[in-house]
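Only the coordinates and a few stated rules stand behind these numbers; no lab work does. In this text, all values refer to a predicted model and were calculated from it rather than measured experimentally. As a convention, Cβ positions derive from the backbone with ideal geometry for all residues, glycine included, and neighbour counts pool all protein chains shown.
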Amino acid sequence: MRVIVAVQPQSKSTRGLVHYIAHSKIDPTRESFGSRALFNERSDLINVEQANFSLKPGVSSNRPKNEDLMHLVISLRPDDFKRLGKDEKERRKSLREITRESMRNLEKTVGAESLDWAAAIHRNTDNPHVHIAISKHFLSLQKGKHEILKRIPTAAIPHYEIRGQEKVLVPGVLKETTVRKMDEIIARNPIKESARFEHDLTAEKMPEKTPLHRPIEQEVRKPKQQIHETIHIR
């Protein structure tokens, strides 16, 4: 299972990071209309205006400035994404669940009472991924006052540590959370997945029903012919 967590450079979009996440680089051959729906901790569906309102630090503007936001991307392998559900709708639901769990653990790592964020799932590349805009402004649990997040903590993202005499790559809280939550979701209904697989095999092997008006002689020949053809294909 491979997961990539990356901090993106500050957005230069004149319309803001949230608009970029929701509307930029849409591939109509991969992404259906409305599939870029924004979501956050509380809702599965918010629009750009609602997301901007929740992320802006004050009341003087309609949206946060690009410098008020952090930009994270969590990317999955296509085959791992497929294991998150039986169809696209269920897989997206699972990825939203994973994102929320990751953000909660990021809050703990930062020491924040909560972090305001908005995200959207992108399917415009081979690797399904989620873009997350995070407000830098938060309430510190330890100090009880508002602070500004200057950077994503090293402990939250992949980084190297010296352990003993070795340089070790540490996955970080976000990647660890993503992988653990994916494992939980995949393990949730193993019987369902097995049953669905068996159903697919049965559907492939099931012979067509023979009409009642066919002579008995033809009914006997037909299975023999099918078996012969199957062996020939292999």
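Could I get the Rg over Rh figure for region 3-193? Both from C-alpha atoms, Rh via Kirkwood, rounded to two places.
That ratio equals 0.97.
Between residue 127 and residue 168, what length in nm is gained on full extension when 0.36 nm per residue of separation is reduced by their alpha carbon distance?
12.1 nm
List every residue whose amide H lies under 5 Å from the amide H of residue 122, counting only residues 5 or more places away in sequence or on a different chain, with H placed 1.01 Å from N in the peptide plane.
Distant-sequence amide H within range of residue 122: 129, 130, 131.
Please compute the length gained on full extension between residue 23 and residue 101, using 0.36 nm multiplied by the number of residues separating them and subtracting their Cα-Cα distance.
That works out to 25.6 nm of additional length.
List the chymotrypsin sites (Phe, Trp or Tyr not before Pro) in region 1-102 that DSSP assigns to loop (not H, G, I, E or B) and whose Cβ has at most 13 other Cβ atoms within 10 Å. Which are they?
33
What are the trypsin sites (Lys or Arg not before Pro) within region 52-106 that DSSP puts in a loop, where the Cβ has at most 10 other Cβ atoms within 10 Å?
Here no loop site has a sparse enough neighbourhood.
Mind checking region 1-94 for GluC sites (Glu not before Pro) that DSSP puts in a loop (not H, G, I, E or B) and that have at most 15 other Cβ atoms within 10 Å?
31
Can you tell me the length gained on complete extension of the stretch residue 10 to residue 86, counting 0.36 nm per residue apart and subtracting the Cα distance?
23.8 nm
Report, in listed order, any pair from 89/181; 82/175; 65/143; 108/150; 93/181; 86/181 with a Cα-Cα distance greater than 21 Å.
Pairs exceeding 21 Å: 65/143.
Return the distance in nm (one decimal) between the two label points of a simple spin-label model at residue 186 and residue 79, each offset 7 Å from Cα along Cα→Cβ.
Roughly 1.0 nm, to one decimal.
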